[in-house]
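To keep things clear, I will list the structure first and then write my remarks on it.
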Amino acid sequence: MVAVSPISDIVARWWLVHTKPRHEKALAADLDRKGIAHFLPLVHVKRRHAGRVFDVRLPLFPGYLFLSGTEEERCAALMTSRTVNVIKVADQEALRRDLQDVYRITVSKEPVDLYPGIREGRRCRVIGGPLKGLEGVVLRRREVSRVYVAVHALLQSAEVEIDVSLLEPV
């Protein structure tokens, strides 16, 4: 496995890879097959579906993965159908320190809030699914949030339940 800990003594440049929505794990698998070192911070989260509780591992930073490699490896990541952009990080030492902290969080047993930017009262946009593009205000935030959508001209509104992972702050 090529996934690496940012605590290791890798001297290659770290890059920030912006992935297509929900493609983080698949991109990590692609990079594994290509032998490209990377770090995808995952955390354990309990999810309910059809009355059952499942323990799933979700990306700590949805839409992002960290790649450690050369310019050629960066290009190889861009050539996958799962990458939107690869961002050059100017301050490599600061990123290494940050990634070490993130690594410590992911291996700890402490609970982690996956979507801290999605708070009650915050205006958000749906980034996936049949409601993609819809904007509204978060009324309740848990695994499944309620989003308030207003039609001001009618003085009416509607609420819809949506998975918080499908929301981004506006």
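The values are calculated or read from the model by the stated rules, or taken from the named source; none is laboratory data. Please read these numbers as outputs of a predicted model, since none were measured by experiment. Glycine also receives a Cβ, built like all others from the backbone with ideal geometry; neighbour counts cover every protein chain displayed. The protein model used for the area step is the full one, side chains on, heavy atoms only, and it has no ligands, DNA or RNA in it. Shrake-Rupley method; radii C 1.70, N 1.55, O 1.52, S 1.80 Å.
Some observations on this one:
- The residues of the stretch 17-156 have, on average, 63 Å² of accessible surface per residue, using a 1.4 Å probe with all protein chains present.
- In a reduced charge model with +1 at each Lys and Arg Cβ and -1 at each Asp and Glu Cβ, the chain shows a dipole moment near 520 debye about its Cα centre.
- Accessible area of the chain belonging to carbon and sulfur atoms, whole % at 1.4 Å probe: 54
- Relative contact order of the chain, taken over Cα pairs closer than 8 Å and 6 or more residues apart, is 20 percent.
- Cut-off of 10 Å, at most 15 other beta carbons, DSSP loop: longest stretch of the chain lacking such GluC sites (Glu not before Pro): 1-119
- A straight chain from THR80 to GLU161 at 0.36 nm per residue would run longer than the Cα-Cα distance by 25.8 nm.
- Listed by chain and number, the aspartates and glutamates placed with their C-alpha closer than 16 angstrom to that of LYS88 are GLU71, GLU72, GLU73, ASP98; residues fewer than eight positions away on the same chain are left out.
- Lysines whose Cα lies under 17 Å from that of LYS109, excluding same-chain neighbours fewer than 8 positions away: LYS46
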